[in-house]
Amino acid sequence: MSYKYFPHTEEDIRQMVAKVGVDSLDDLYAEVPEEIRFKGDYNIPSEMSEPEVRRLFDTLGAQNRQLTCFAGAGVYDHYMPAVVPSILARSEYLTSYTPYQAEVSQGTLHYIFEYQSMMAELTGMEISNASMYDGSTATAEAAMMAVAAGKKARRVLVSATVDPKVLAVVRTYAHFHNFDIALIEAENGATSRDALERGLAEGSVAGVIVQQPNYFGIIEDYDGWADLCHDRKALLIMNSVAADLAVLKTPGEWGADIAVGDAQSLGIPMQFGGPYVGYLCCTEKLLRKMPGRIVGMTRDNRGQRAFVLTLQAREQHIRRQKATSNICSNQSLMALFVTVYLSLMGKHGLREAAELSYAGAHYLCDRLLETGHFRLTYEGRPFFNEFCVDYDGDIDLLLKVLEANGIFGGVKVGEHTLMLAVTEKRTREEIEQLVKLAAL
């Protein structure tokens, strides 16, 4: 056999080439000029034993530097219980593709149903879909929902305090789906209510997108905003870091119509930027405008509880022009991460992790201010586990010094502005080390 990892025998190959009317596999490349054919040896290492392979990957892995992470900006270094990977690997939960056949996908459908239930409770909304690709695309899909619900309204207002990465994706969707984006101005790091009212007064607004906490970590006051939007027939869309909703007022309590965001903070490792999972929850009246799919619970012919895919308003199932979204494949592995994490942590665990993150961030902020080299960028604004400070030195040099000492020291968001985040994983000793280096 020419290639030992191919399943075809010499006789299989002989029959196949005879079927297509050639004498050998080489004849299939007869049209390729001889002068451009590669005739050397491929740079592929020889076979290795299992111990040799393990040593190779251990050597490669040792080249990675494990830094203490004080960076956030949408991705956070939260603790993941050790049992999560083991449960994720169980065959009854994991499928290689969409669980179309309910009779053989009950495990997958079950955990998606539980995911929906827990996300709806966490956001204070009535309905959750079966997860999205990430928080950015979930927000863009929510904007499309608003436009679809608004009929003739083709404008979406987006707060200037929304994560720029999210805004960029929303703009891309808007460009190709023919609706307009307008920014709501910010004042001292928070969305301007006056600017919102001016934007709504101009008319033709389908939806308003805000973030809580916002990109700068500030906890904004959205009291009465839902009424302002609804009076103008617009939907209020609220983007939130999922873990923060364990202690903050939920989108449902603010009167939001759609709650979106990234659920990476619920047990999913940072893993070089993805994959993550977006959540999208809404009020029941918007159910048929929701993209993706929903898993429902029913009873089989024996009266036993069973789970099924329902309300699949996707182009694979209905006419493309009637589809609410072109989101297709979704193995929901990352939604399984979230489901297992939430099940293990419970309400008390989620709240404790959030409170530790909040306390750690405020302690770090106070200690940095004490050095005399930093000042709070947005004075008087409450923040959660992330905040911005202005530094009187060279931020790029500071970040290099921190990195050289094993610390990923935040995200530079301005020439003199640094944004830092603290999660429940950060210890007082790690915080003191960062402060000591920053004070030099």
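The values are calculated or read from the model by the stated rules, or taken from the named source; none is laboratory data. Given the structure is predicted, the values throughout are model-derived calculations rather than measurements. Cβ coordinates were reconstructed from backbone atoms using ideal geometry, including for glycine residues, and neighbour counts include every protein chain displayed. Accessible surface is based on the protein model in full, side chains and every heavy atom, while ligands, DNA and RNA are left aside. Shrake-Rupley method; radii C 1.70, N 1.55, O 1.52, S 1.80 Å.
Structure summary
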item: Reference-scaled alpha-carbon Rg (2.2 N^0.38 Å with N residues) for segment 337-440; result: 1.16
item: Accessible area of Arg299 in the full protein assembly, 1.4 Å probe (Å², nearest 10); result: 150 Å²
item: His230-Ser86 pseudo-label distance in nm [points 7 Å out on the Cα-to-Cβ vector]; result: 4.8 nm
item: Whole-percent pair-distance distribution, where bins are 20 Å wide, for the alpha carbons of the chain; result: 22, 45, 26, 7, 0
item: Rounded to the nearest 10 Å², the accessible area of Glu187 at probe 1.4 Å; result: 100 Å²
item: Label-point gap, in nm, between Gln66 and Val20 - each point 7 angstrom along Cα→Cβ; result: 4.9 nm
item: Accessible surface of the chain [probe 1.4 Å, protein heavy atoms]: carbon and sulfur percent; result: 52 percent
item: Beta bridges per DSSP with both ends in the chain, % antiparallel, nearest 5; result: 55 percent
item: Stokes-Einstein D for segment 97-341, Kirkwood Rh over Cα pairs, 4 °C, 1.567 mPa s (µm²/s); result: 71 µm²/s
item: Dipole magnitude of the chain about its Cα centre (Cβ charges: Lys, Arg +1; Asp, Glu -1), debye to nearest 20; result: 1480 debye
item: Alpha-carbon spread of segment 135-264, three principal axes, descending order, Å; result: 38, 28, 25
item: Förster-model FRET efficiency, 51 Å R0, Arg375 and Asn43, C-beta, rounded to 0.05; result: 0.40
item: ³J(HN,Hα) computed for each position of segment 182-194 - Karplus, 6.51 cos²θ - 1.76 cosθ + 1.60, integer Hz, glycine/proline x; result: 10, 8, 9, 5, 10, 10, 6, x, 10, 5, 7, 5, 4
item: For Arg293, distant residues with modelled amide H under 5 Å away; result: Ala130
item: Segment 374-395 versus segment 409-440: alpha-carbon centroid distance in Å; result: 11 Å
item: Too-long pairs where the Cα-Cα distance tops 21 Å, listed order kept, from Lys412/Lys436; Lys165/Lys285; Lys249/Lys425; result: Lys165/Lys285; Lys249/Lys425
item: Karplus 3J(HN,Hα) series, Hz, for segment 8-22 with 6.51 cos²θ - 1.76 cosθ + 1.60 (x for Gly, Pro); result: 7, 7, 4, 5, 4, 5, 4, 5, 5, 5, 5, 5, 8, x, 10
item: Relative packing of peptides 240-251, 340-351, 172-183 - highest average C-beta neighbours within 10 Å first; result: 240-251, 340-351, 172-183
item: Equivalent ellipsoid, segment 187-249 (semi-axes from 5 times Cα gyration tensor eigenvalues, Å); result: 22, 13, 9
item: Kirkwood hydrodynamic radius of segment 1-133, from inverse mean 1/r over distinct Cα pairs, in Å; result: 22.2 Å
item: Per residue solvent-accessible surface (Å²) - the chain, probe of 1.4 Å; result: 53 Å²
item: Additional length obtainable on full extension of the chain from Asp58 to Leu183, 0.36 nm per residue less Cα span; result: 40.1 nm
